[in-house]
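This report concerns only the one structure given below.
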Amino acid sequence: MTTQQMIKPFGLRMPPELKKWLDTRAERNGRSINSEIVQMITAAKRAEQKESA
């Protein structure tokens with residue numbers, strides 16, 4: 001079983017205008033919405049870790 005198959009789905013509600021912005025950003029970057037969210041959170045995490053180092 002791959003890591004991808006072991007990850008449980010996570011429901012997320014967001015305002016329509018935020019979803020539209022995210023759709024546009026994901027398409028522009030050639031990613032799925034899920035991948036875009038993961039990339040954005042990962043980048044924010046790295047930035048926070050860099051600040052506290």
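So here's what we get for this one:
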item: Amide N of segment 35-50 lying under 16 Å from the label point, which is placed 7 angstrom from the Cα of W21 along Cα→Cβ; result: 36-38, 40-41, 44
item: Value of [θ]222 nm, deg cm²/dmol, for the chain, DSSP H segments ≥ 4, -39500 (n - 2.57) each, nearest 500; result: -21000 deg cm²/dmol
item: 10 Å binning of all Cα-Cα separations within segment 10-53, expressed as whole percents from 0 upward; result: 26, 46, 24, 5
item: Simple Cβ-charge dipole of the chain, Lys/Arg +1 and Asp/Glu -1, about Cα centre, in debye nearest 20; result: 60
item: Ranked order, L12, L22 - accessible area, probe 1.4 Å, largest first; result: L12, L22
item: Derived scalar couplings ³J(HN,Hα) [segment 11-21; Karplus, 6.51 cos²θ - 1.76 cosθ + 1.60; whole Hz; x for Gly, Pro]; result: x, 9, 9, 8, x, x, 5, 5, 5, 4, 4
item: Surface accessible to a 1.4 Å probe, per residue, for the residues of the chain, Å²; result: 97
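The values are calculated or read from the model by the stated rules, or taken from the named source; none is laboratory data. Treat the numbers as computed from the prediction; the structure is a model and nothing was measured. Methodologically, a virtual Cβ is constructed for each residue, glycine included, from the backbone with ideal geometry; neighbour enumeration extends over all protein chains shown. Only protein heavy atoms, including side chains, enter the accessible area calculation; ligands, DNA and RNA are left aside. Shrake-Rupley method; radii C 1.70, N 1.55, O 1.52, S 1.80 Å.
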